[in-house]
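Chemist: Mind having a look at this structure? Questions to follow.
The values are calculated or read from the model by the stated rules, or taken from the named source; none is laboratory data. The model shown is predicted, which means the values in this text are computed figures rather than measured ones. Virtual Cβ from ideal backbone geometry, glycine too; neighbours counted across all protein chains shown.
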Amino acid sequence: MTAIPRIYVIGSGSMGMPLAAFLSANDIQVIAVRTSVEGVSPTIESVTVELPAGKSLQANVKMVSLSEIECVDEGILLLTAKATANKYIADSLRTKFSKLPIVVMQNGIGVEQVYIDAGFPKIYRCVLYATGQTIQKHHYRFREVSESPIGIVKGDPGEAQAIIDQISTPTFRFRYVESIEREAWKKAIINAAFNSICPLINVDNGIFHRDKHVAMIAETIIDEASSVAAKIGIRFQKRELLDQLLLISQRSDGQLISTLQDINNGRETEIEFLNLEIARIGNGMSPPIDPRVTRILGEMILAKSKSTI
């Protein structure tokens, strides 16, 4: 890729819109594609993103509904929509963007599988180390924890690096990694703590570095989920995961985790791709592993979310 292609950010939520705004502010051709609302013609919206240290960024972002896009042969797809909608989104994207490389930027284990099944020729996986929160319409709060890794599911390192060069901005950075599966499991284990504990006690991400008792619950999830990962050959030192959890907690202090935002807004959560997927994988092993606390907290989140939908 020599010329910078148009970038389509699929999903216009608390992560997709800040990403689109950063790209637009850096003079990248970008379109934010709405997946949950049909029939919205192209429009230009002014987007505000609050950054750390009292800074903010404003950018004009072109938006359109997925239903209004015709077939596209050139560009890059950045998928930030919730994994809960993947089956519908994969079917729609396949009819409109089947030749484009897709970067799956979603939480969870195995979220890229539906795009493999749909036959996308080039698939890359991104593990996000950033948090976004919707303040009001077209107004967001964004915090980067560290560079977000991108690796290959189907594709090649040269294209992966070209995509990284094109989508990285000073406020939202990406880097290439060889083993994206390990990175995906690492983040999923950490998310299993954030996305179950924070919503159940209705508190922001900073709780783990502020309260050692809550951090101990997260440590139990890390122990359980790590034992499942180890059985498939992905091994972590507990300190590696705990340090990353505390770093995220410190750098996103005051931010609400996406699952808590979803529950507060009566939306389906991604818990089935986190705690419950880890439990499903563990229970399918021989002999089975039951990550009991991880599973129960996930089941509680699922029940809580269904009561608000």
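Chemist: Among residues belonging to the stretch 178-203 that are more than 17 Å from residue 240 (Cα to Cα) and crowded, with 17+ Cβ neighbours inside 10 Å, point out the one that is nearest to the chain's Cα centre (by Cα).
Modeler: Just the residues of the stretch 178-203 that are more than 17 Å from residue 240 (Cα to Cα), to begin with: 178, 195-203.
Keeping just the survivors that are crowded, with 17+ Cβ neighbours inside 10 Å gives 195-199, 203.
Values: 195: 12, 196: 16, 197: 18, 198: 17, 199: 17, 203: 20 Å.
In this case the residue turns out to be 195.
Chemist: If I ask for residues that are part of a helix (DSSP H, G or I) and surrounded by 15 or more Cβ atoms within 10 Å (Cβ to Cβ), which ones from the stretch 204-216 would you list? Full working, then the answer.
Modeler: Here is the first cut: in the stretch 204-216, the ones part of a helix (DSSP H, G or I) are 207-210, 212-216.
Those that are part of a helix (DSSP H, G or I) and surrounded by 15 or more Cβ atoms within 10 Å (Cβ to Cβ): 207, 208, 209, 214, 215.
Chemist: Would you mind finding the one in 277, 268, 219 that is surrounded by fewer than 19 Cβ atoms within 10 Å (Cβ to Cβ) and either within 16 Å of the chain's Cα centre (by Cα) or assigned to a loop (DSSP other than H, G, I, E, B) (or both)?
Modeler: Details: 277 fails: surrounded by fewer than 19 Cβ atoms within 10 Å (Cβ to Cβ); 219 fails: either within 16 Å of the chain's Cα centre (by Cα) or assigned to a loop (DSSP other than H, G, I, E, B) (or both).
Sole residue among the options that is surrounded by fewer than 19 Cβ atoms within 10 Å (Cβ to Cβ) and either within 16 Å of the chain's Cα centre (by Cα) or assigned to a loop (DSSP other than H, G, I, E, B) (or both): 268.
Chemist: Please pick out the residue among 44, 69, 7 that is within 30 Å of residue 188 (Cβ to Cβ) and among the β-branched types (Val, Ile, Thr).
Modeler: 7
Chemist: Sticking with this one: State which residue pairs qualify: first residue under 22 Å from residue 272 (Cβ atoms) and inside the stretch 95-112, second residue aromatic (Phe, Trp, Tyr) and assigned to a loop (DSSP other than H, G, I, E, B) in any location, beta carbons under 9 Å apart, and separation of 6 or more residues or different chains.
Modeler: Close Cβ pairs satisfying both conditions: 102/120.
Chemist: Here's another thing I want to ask about it. Within the stretch 229-252, is there a residue that is assigned to a helix (DSSP H, G or I) and either touching a Pro at 6+ places or on another chain (Cβ under 8 Å) or at pLDDT below 95 (or both)?
Modeler: Start the filter on the stretch 229-252 by keeping residues that are assigned to a helix (DSSP H, G or I), which leaves 229-231, 238-251.
Those left that are additionally either touching a Pro at 6+ places or on another chain (Cβ under 8 Å) or at pLDDT below 95 (or both): none.
Looking through the stretch 229-252, none of the residues is assigned to a helix (DSSP H, G or I) and either touching a Pro at 6+ places or on another chain (Cβ under 8 Å) or at pLDDT below 95 (or both).
Chemist: Those residues that are among the charged types (D, E, K, R), within 15 Å of residue 156 (Cα to Cα) and not in a loop (DSSP other than H, G, I, E, B), I need them from the stretch 94-130; list them, please.
Modeler: Within the stretch 94-130, 125 is the sole residue that qualifies.
Chemist: Among the residues of the stretch 53-67, which ones are hydrophobic (A, V, I, L, M, F, W, C) and free of Cβ contacts under 8 Å to residues at least 24 places away in the same chain?
Modeler: Quick first cut of the stretch 53-67, residues hydrophobic (A, V, I, L, M, F, W, C) only: 53, 57, 59, 61, 63-64, 66.
Selection gives 53 alone.
Chemist: In the stretch 94-104, which residues are buried (at least 19 other Cβ atoms within 10 Å of the Cβ) and touching a helix residue (DSSP H, G or I) at 6+ places or on another chain (Cβ under 8 Å)? Spell out how you get there, then give the answer.
Modeler: Initial filter on the stretch 94-104 (buried (at least 19 other Cβ atoms within 10 Å of the Cβ)): 97, 100-104.
Passing the criteria: 101, 102, 103, 104.
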